[in-house]
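Chemist: Shown below is the structure under consideration.
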Number of protein chains: 2
Amino acid sequence: MAVTMNDVARLAGVSLKTVSNVLNDYEFIRPATKQKVLDAIDELGYEANLTARSLRSGKSRMLGLVLSDLSAPYYAELASRLMSVASARGYRVLVEQSAALEENELSALHGPFRQLTDGLLFTPLRLDPDTVAGRIGSKPLVMLGEHIQDPRFDTVTMKNVRAAQAMTAHLLAGGRRRIAVIGASAGDSTGSPGLRLTGYRRALDEAGVGFEPALIVPSEWRRDAGASAVEALLDRAVPFDAVFGLNDALALGAMHELLIRGVKVPQDVAVAGFDDIDEARFASPSLTTVAPGMQEIAERSVGLLIDRIEGKEKSDDGVHVEAGFELRIRSSAP
Amino acid sequence: MAVTMNDVARLAGVSLKTVSNVLNDYEFIRPATKQKVLDAIDELGYEANLTARSLRSGKSRMLGLVLSDLSAPYYAELASRLMSVASARGYRVLVEQSAALEENELSALHGPFRQLTDGLLFTPLRLDPDTVAGRIGSKPLVMLGEHIQDPRFDTVTMKNVRAAQAMTAHLLAGGRRRIAVIGASAGDSTGSPGLRLTGYRRALDEAGVGFEPALIVPSEWRRDAGASAVEALLDRAVPFDAVFGLNDALALGAMHELLIRGVKVPQDVAVAGFDDIDEARFASPSLTTVAPGMQEIAERSVGLLIDRIEGKEKSDDGVHVEAGFELRIRSSAP
DNA sequence: GCCGCTTTCTGCAACGATGTATCCAGATGT
DNA sequence: ACATCTGGATACATCGTTGCAGAAAGCGGC
């Protein structure tokens with residue numbers, strides 16, 4: 001059927017292993033031999049069988065990416081960038097959607113999916129550190145995001161606290177005093193919601209503004225859920241002059257609901273988000289948000305993971321990378 | 001290292017091949033034997049090595065998905081759905097971004113990527129049918145989208161012409177007479193742009209409204225490009241009372257630019273899109289658009305591809321599936 | 001008791017590459 | 001002149017499965 005190394009070897013008049021050596025850039029090969037092999041490869045249109053290579057070598061040059069839902073715009077943009085970065089280093093990315101279900105996160109961690117990949121970019125939303133540590137296996141794993149903060153793991157994350165604090169400070173500086181937060185529960189202190197909420201509280205403290213639990217609305221991080229959250233706020237008649245959506249999708253859903261209800265943005269209520277997805281720039285009004293250095297996150301996490309796979313990163317402890325951030329001040333909260 | 005079939009066989013006291021038979025649901029196995037094997041598998045926590053299986057059997061249970069850019073919202077949503085549908089049938093999806101470059105489309109077609117997958121969901125933007133036909137290889141391939149319309153290929157597409165016609169008719173019914181189209185060139189007649197433009201022209205004809213090339217603005221199908229296109233229209237002072245963006249991203253970018261320039265939507269200019277991405281519902285004003293039956297497209301294309309792979313679909317000619325559509329009339333063009 | 005058929009299970013080869021050991025020729029050292 | 005070393009190539013085993021052929025056991029029919 002397909003052309004194999006054997007065919008190439010025969011045509012080039014060398015042994016099978018020599019062909020293999022040429023392909024793997026083995027040092028000691030006479031240029032003439034190498035050329036013969038390359039010519040034969042060319043003539044036959046030979047392409048290495050990755051499955052066989054993978055079986056024999058134990059490496060697949062694939063990275064696994066586990067996230068809850070690829071259609072969420074932040075994840076879509078992140079995945080796209082991760083794939084580009086990985087591609088530049090000769091790796092592919094295999095994506096698995098967990099739907100934020102514990103069982104799916106678990107099976108991604110030690111099921112067939114794990115086996116197919118040389119390393120994992122893992123965005124857990126449900127599992128706790130000890131469970132992960134228990135099933136981590138021997139292949140490298142880089143945590144993406146902040147649901148799990150544990151010194152044992154390599155982690156690439158963003159400055160959630162400081163970024164949320166900066167954004168809240170910006171809203172306060174604009175004269176807002178009753179800033180609703182959508183996407184966290186008042187008691188959260190870990191995970192992305194908790195960390196961003198912490199930043200919010202710090203900014204309030206700094207400004208001497210009291211924290212009001214009624215302003216904190218739990219919500220899934222989706223547009224529709226953001227809209228529902230605003231609905232709830234308005235229906236409960238909790239007064240507020242700003243909404244800080246803990247991600248952009250949420251914030252955009254919230255903003256939409258505000259506008260529908262006749263609330264003027266930003267005159268009556270300012271709206272801020274987090275992520276700086278492309279959509280934010282083109283919303284109306286355009287969305288003020290935090291740009292969390294997505295490209296940096298993509299480059300560092302893929303780089304770290306591949307370095308681990310290839311044994312270039314040897315640190316015994318988990319490496320912890322925190323990407324920088326910038327506020328993008330736009331019309332929704334000038 | 002890992003547990004192999006051999007370990008299971010030893011523990012269960014049967015031959016290696018019997019273990020394999022159990023795993024592959026071979027018919028003639030005594031229930032007692034089967035149970036012994038299953039127990040051994042359980043006890044050892046055995047998991048089949050997919051790479052070895054794939055090498056031996058020639059099947060990977062992976063589908064390839066080639067698209068230009070995963071961060072484009074339509075593709076992100078589509079990919080997410082395709083993955084879910086595939087997953088339900090026991091397949092994974094490996095995504096490759098082509099960046100709409102011919103060389104990438106080509107290499108996806110017969111490079112290592114092809115080798116890793118049992119079949120391809122292909123969204124070409126550059127290649128022509130004959131090139132594809134020449135390099136298609138022996139594995140199944142399903143065309144997604146309409147850049148290539150060729151009876152030789154299995155194709156899953158949407159009713160571009162009729163949907164665009166219906167949307168244009170809706171705009172005309174709302175009294176709009178100078179409907180700008182963004183995302184096609186006046187001469188296009190093939191591919192998604194061409195087909196949608198054709199639908200537009202048919203609706204104009206039906207209504208007895210003349211076609212004006214100056215209203216047709218070519219553009220990439222991205223938000224920023226949509227914004228630039230509107231900028232160009234306004235700068236050229238071409239009068240228009242509606243904008244039909246040939247996809248939602250485009251339409252949303254266009255709408256954003258209109259609003260920035262102080263043009264009222266929909267009072268001064270109505271805006272319509274195509275795709276019904278989630279974002280459209282939550283835009284302000286919410287975007288009138290065409291819902292092209294994305295779930296149906298996902299189900300039919302994955303179903304068809306897997307049926308081909310498993311030999312259940314035997315038609316010699318290309319199977320052609322056209323998903324239904326619905327207009328979603330929202331505030332941007334009531 | 002022999003034949004043929006089905007049921008149940010086994011052994012060996014093969015998929016297409018890479019790792020290890022080895023071999024040979026020529027260069028080098030003494 | 002002989003042992004040693006090194007560059008350049010090869011042979012063979014191996015990765016963990018599945019396909020194929022066939023063996024052993026059970027069973028009914030004559």
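Chemist: How much of the accessible area of segment B:148-258, probe 1.4 Å, is carbon plus sulfur, in whole percent? Let's see the in-between values first.
Modeler: On the way: 1970 of 3950 Å².
The computed percentage sits at 50.
Chemist: Short version: ³J(HN,Hα) in whole Hz for each residue of segment A:258-265, in order, from phi by Karplus 6.51 cos²θ - 1.76 cosθ + 1.60 (θ = phi - 60°), x for Gly and Pro, what are they?
Modeler: 4, 5, 4, 7, x, 7, 7, 10
Chemist: Given a Förster radius of 30 Å and the C-beta distance between A:LYS264 and A:ALA207 as r, what FRET efficiency does 1/(1 + (r/R0)^6) yield to the nearest 0.05? Walk me through the numbers on the way to the answer.
Modeler: Numbers: r = 24 Å, r/R0 = 0.80.
Computed FRET efficiency for A:LYS264 and A:ALA207 comes out at 0.80.
Chemist: Sticking with this structure for a sec: Any chance you could check segment B:33-61 for residues losing 30 Å² or more of accessible area when the partner protein chains are in, compared with the chain on its own (1.4 Å probe)?
Modeler: B:GLU47, B:LEU50, B:THR51, B:LEU55
Chemist: Follow-up. Nearest-to-axis residue of chain A, judged by Cβ, for the A-to-B rotation, with distance in whole Å?
Modeler: Closest Cβ on chain A to the axis mapping it onto B, in Å: A:ALA76, 2.
Chemist: Let me ask something else. Under the Karplus relation 6.51 cos²θ - 1.76 cosθ + 1.60, θ = phi - 60°, what is the ordered set of whole-Hz ³J(HN,Hα) values for segment A:7-19, x standing for Gly and Pro?
Modeler: With the stated coefficients, segment A:7-19 comes to 4, 4, 4, 4, 5, 7, x, 10, 7, 4, 5, 5, 4 Hz.
Chemist: Please give me the summed charge of the neighbours of A:GLY58: other residues whose Cβ is under 12 Å from its Cβ, Lys and Arg +1, Asp and Glu -1. Working shown, then result.
Modeler: Working: positive: A:ARG53, A:ARG56, A:LYS59, A:ARG61, A:LYS139; negative: A:ASP118.
Around A:GLY58, the surrounding residues sum to +4.
Chemist: Restricting things to alpha carbons, tell me how big chain A is in terms of Rg and Dmax, in Å.
Modeler: 24.9, 84
Chemist: Which distances, in nm and shortest first, link the B:LEU38 label point to the same label point in every other copy, taking 7 Å along Cα→Cβ?
Modeler: Nearest first, the other copies' label points are 5.7 nm away.
Chemist: Still on this model: Would you kindly work out, in nm and rounded to one decimal, the distances from the label point of A:LEU23 to those of the same position in each other copy, ordered shortest first, with label points 7 Å along Cα-to-Cβ?
Modeler: From this label point to the equivalent ones elsewhere in the assembly: 2.4 nm.
Chemist: Still on this structure, I have one more. So if each residue of separation counts as 0.36 nm, and I subtract the Cα-Cα distance between B:TYR26 and B:LEU234, what length gain in nm does that give? Before the final figure, lay out the partial values.
Modeler: Working: separation 208, 0.36 × 208 = 74.88 nm, distance 6.91 nm.
Taking 0.36 nm per residue and subtracting the Cα distance, the gain is 68.0 nm.
Chemist: Long-range amide H contacts for A:SER219: which residues qualify at under 5 Å (H placed 1.01 Å from N, peptide plane, sequence gap of 5 or more or a different chain)?
Modeler: A:GLY183, A:ALA184
Chemist: Turning to a different aspect of this structure: Please give the solvent-accessible surface of A:GLU47 in Å², to the nearest 10, using a probe radius of 1.4 Å with every protein chain present.
Modeler: 80 Å²
Chemist: Among residues other than B:VAL269 whose Cβ falls under 13 Å from its Cβ, what is the net charge (Lys/Arg +1, Asp/Glu -1)?
Modeler: Working: positive: B:ARG176, B:ARG177, B:ARG178, B:ARG261, B:LYS264; negative: B:ASP241, B:GLU257, B:ASP268.
Net charge around B:VAL269: +2.
Chemist: Solvent-accessible area per residue for segment B:246-334 at a 1.4 Å probe radius, Å²?
Modeler: Values: 3260 Å² over 89 residues.
That works out to 37 Å² for each residue.
Chemist: Mind listing the phi-derived Karplus ³J(HN,Hα) values for segment B:309-317, rounded to whole Hz, using 6.51, -1.76 and 1.60 with θ = phi - 60°, and x for any glycine or proline?
Modeler: Here the 3J(HN,Hα) series is 4, 8, x, 8, 9, 10, 3, 6, 7 Hz.
Chemist: Per-residue mean of other chain beta-carbon atoms within 10 angstrom of the beta-carbon, peptide B:104-114?
Modeler: Values: counts 1, 0, 0, 0, 0, 0, 2, 1, 7, 2, 1.
Mean shielding count: 1.
Chemist: Moving on to the next point. Please report the relative contact order for chain B, taking Cα pairs under 8 Å with a sequence separation of at least 6, and give it as a percent rounded to a whole number. Numbers along the way, then the final one.
Modeler: On the way: 625 pairs, mean separation 51.5, N = 334.
RCO, chain B: 15 percent.
Chemist: OK, next. On a straight-distance basis, which lysines could pair with B:LYS159 in a cross-link, Cα separation under 17 angstrom, same-chain partners fewer than 8 positions away excluded?
Modeler: Of all the lysines, none pass the test against B:LYS159 - Cα under 17 Å, at least 8 places apart if same chain.
Chemist: Under a 1.4 Å probe, what is the accessible area of segment B:5-48 per residue, stated in Å²? Numbers along the way, then the final one.
Modeler: Values: 2930 Å² over 44 residues.
Result: 67 Å² per residue.
Chemist: Select from segment B:271-287 all residues whose loss of accessible area on going from the chain by itself to the full protein assembly reaches 50 Å² or more (probe 1.4 Å).
Modeler: B:GLU279, B:PHE282, B:SER284
Chemist: Grab the beta carbon distance between A:ARG177 and B:GLU310, set R0 = 56 Å, and tell me the FRET efficiency rounded to 0.05. Mind dumping the intermediate values first?
Modeler: Details: r = 63 Å, r/R0 = 1.12.
Given R0 = 56 Å and the Cβ-Cβ separation, E is 0.35.
Chemist: List the residues whose amide H sits under 5 Å from the amide H of A:THR155, counting only those 5 or more places along or on another chain, with H placed 1.01 Å from N in the peptide plane.
Modeler: For A:THR155, the qualifying residues are A:MET143, A:VAL319, A:HIS320, A:VAL321.
Chemist: Along the charge dipole of chain B, pointing to its positive end and built from +1/-1 on Cβ of Lys, Arg, Asp and Glu, which listed residue (B:LEU204, B:MET294, B:ALA280) has its Cα farthest out?
Modeler: B:MET294
Chemist: Please list the non-local residues whose amide H lies under 5 Å from the amide H of A:GLY119, H modeled 1.01 Å from N, same-chain partners needing a gap of 5 or more.
Modeler: HN-HN under 5 Å from A:GLY119: A:GLY64.
Chemist: Put +1 on the Cβ of each Lys and Arg and -1 on the Cβ of each Asp and Glu in segment B:57-98; which of B:GLY58, B:SER71, B:SER87 then has its Cα farthest toward the positive end of the dipole?
Modeler: B:GLY58
Chemist: Output the residues of segment B:210-250 meeting this criterion: accessible area (heavy atoms, 1.4 Å probe) in the chain alone minus accessible area with all protein chains in place is 20 Å² or greater.
Modeler: Residues of segment B:210-250 that lose at least 20 Å² of accessible area once the other chains are added: B:ARG223, B:ASP224.
Chemist: Evaluate the relative contact order of segment B:5-48 (contact order divided by residue number), counting alpha-carbon pairs under 8 angstrom at least 6 apart; express in whole percent.
Modeler: Working: 31 pairs, mean separation 20.4, N = 44.
Relative contact order for segment B:5-48 comes out at 46 percent.
Chemist: Right, next: Hey, any idea what % of segment A:29-140's accessible area is carbon plus sulfur with a 1.4 Å probe?
Modeler: Working: 2450 of 4950 Å².
Taking all protein chains in place, segment A:29-140 shows 49 percent carbon and sulfur surface.
Chemist: Follow-up question, since we're still on this one. Can you pull a Stokes-Einstein diffusion coefficient for segment A:176-311 at 10 °C (1.306 mPa s), Rh from Kirkwood over Cα pairs, as a whole number of µm²/s? Working shown, then result.
Modeler: On the way: Rh = 15.6 Å.
Calculated translational D: 102 µm²/s.
Chemist: Give me the accessible area buried between chains B and A, both sides summed, with a 1.4 Å probe, in Å² rounded to the nearest 100.
Modeler: Working: alone 16000 and 16020 Å², together 28320 Å².
Summing both chains' loss of accessible area gives about 3700 Å².
Chemist: Near A:ALA229, within a Cβ-to-Cβ distance under 12 Å, what is the net charge of the other residues, with Lys and Arg +1 and Asp and Glu -1? Let's see the in-between values first.
Modeler: Numbers: positive: A:ARG222, A:ARG223, A:ARG236; negative: A:GLU220, A:ASP224, A:GLU231, A:ASP235, A:GLU257.
Around A:ALA229, the surrounding residues sum to -2.
The values are calculated or read from the model by the stated rules, or taken from the named source; none is laboratory data. Bear in mind that the values here come from a model prediction, so they are computed numbers and not experimental data. All Cβ positions, glycine included, derive from the backbone under ideal geometry; neighbour counts span all protein chains shown. Surface areas here come from the heavy atoms of the whole protein model, side chains and all, with no ligands, DNA or RNA. Shrake-Rupley method; radii C 1.70, N 1.55, O 1.52, S 1.80 Å.
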